1. Surrounded by fewer than 19 Cβ atoms within 10 Å (Cβ to Cβ) and either within 8 Å of the chain's Cα centre (by Cα) or closer than 16 Å to P121 by Cβ (or both) - does that describe any residue in the range 137-155?
2. Would you confirm, using the coordinates I've provided, whether L137 is touching a His at 6+ places or on another chain (Cβ under 9 Å) and in a helix (DSSP H, G or I)?
3. Is there a residue in the range 154-164 that is closer than 29 Å to L86 by Cβ and not assigned by TED's automatic domain parsing to the domain that holds I186?
4. Being modelled with pLDDT of 95 or more and more than 30 Å from E204 (Cβ to Cβ), is that true of even one residue in the range 154-176?
Amino acid sequence: MTPTSCRLPLKRKRSYEPTTTMASGPVVVDLSGDESTDRWLSARVINLIVGPEQKKWAVHEKILVEHSTFFAEYFQSEDGRGRDELNLPHEDPKLFALLVRWLYGIAFMSGGRRAFRFPVPDGKETTVRDFLRLYVLGGRYGIIGVRNAAIDALYSYYGEAKGNHEAPNLHDVKYIFDNTAPEAPIRLFLIAHALFYLFSWGRENSPLPDDWAQVLKGDGEIGFAMIRMLSEWDWVSGKNAPVMTIKPRHKFHEHPPTPDIVKKEVDEGNILEL
């Protein structure tokens with residue numbers, strides 16, 4: 001059997017999966033008379049005040065509450081009607097900038113018909129840790145779509161298993177294990193890439209990185225997750241490790257209830273990259 005990154009069963013709650021195939025040719029978006037865009041952008045504007053520096057974003061209410069159970073409860077519940085501002089002093093403005101970019105990437109630039117994909121982290125404008133933190137932020141506010149978009153960026157960053165495979169920093173892995181539920185698909189994703197590194201030929205005769213000793217000596221949960229995944233790969237003693245492959249990115253997505261406009265209009269193969 002060929003080992004994969006995710007032999008452990010993932011519980012699928014919905015049948016809908018975001019599209020994951022690149023569109024051929026340039027993407028042209030015509031917003032004239034676009035009812036799906038109007039639906040999100042014709043509502044009132046609310047203010048989000050973020051971080052100790054009180055960075056302010058004016059965001060259309062409809063697009064925010066459409067994607068977030070937390071914001072829907074805060075602004076549209078019986079107690080929340082009439083609210084037009086929310087102060088989030090403990091959040092990082094950089095993460096909210098990414099969240100707002102995702103919200104308007106979906107609504108304004110594609111009208112909800114394409115999955116929005118972030119650029120691959122370059123270590124300057126954005127880092128791997130930024131997208132890990134964005135994933136966690138999406139969980140705090142019930143925004144599954146931005147969690148999937150963060151996975152997509154990391155999926156492109158780590159790529160397929162290769163001889164000089166880059167290992168996730170285990171401090172990053174620990175951050176995810178400390179801030180996500182046990183069934184979070186990103187855990188399997190990061191553990192898979194850690195194992196890809198462990199068995200890559202480029203690591204032969206090299207010591208493990210310092211962060212592995214620092215984390216694994218104090219966190220048995222991560223070590224157990226590695227052993228459990230290895231047990232699912234069914235390797236046999238005395239044989240060479242077979243080629244390792246990562247499952248398609250949508251296997252690491254979560255599946256929330258999707259707005260009717262998206263269910264009706266999503267066109268497989270259409271993805272907007274910015």
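1. no
2. Taking the combined requirement at face value, the residue does not satisfy it.
3. Pass one, the range 154-164, residues closer than 29 Å to L86 by Cβ: 154.
Remaining after also requiring not assigned by TED's automatic domain parsing to the domain that holds I186: 154.
Checked the range 154-164: at least one residue is closer than 29 Å to L86 by Cβ and not assigned by TED's automatic domain parsing to the domain that holds I186.
4. Within the range 154-176, none of the residues are modelled with pLDDT of 95 or more and more than 30 Å from E204 (Cβ to Cβ).
The values are calculated or read from the model by the stated rules, or taken from the named source; none is laboratory data. What you see is a predicted model; the values in this text were computed from it and never measured. Note that we place each Cβ from the backbone using ideal geometry, even for glycine, and neighbour counts take in every protein chain shown.
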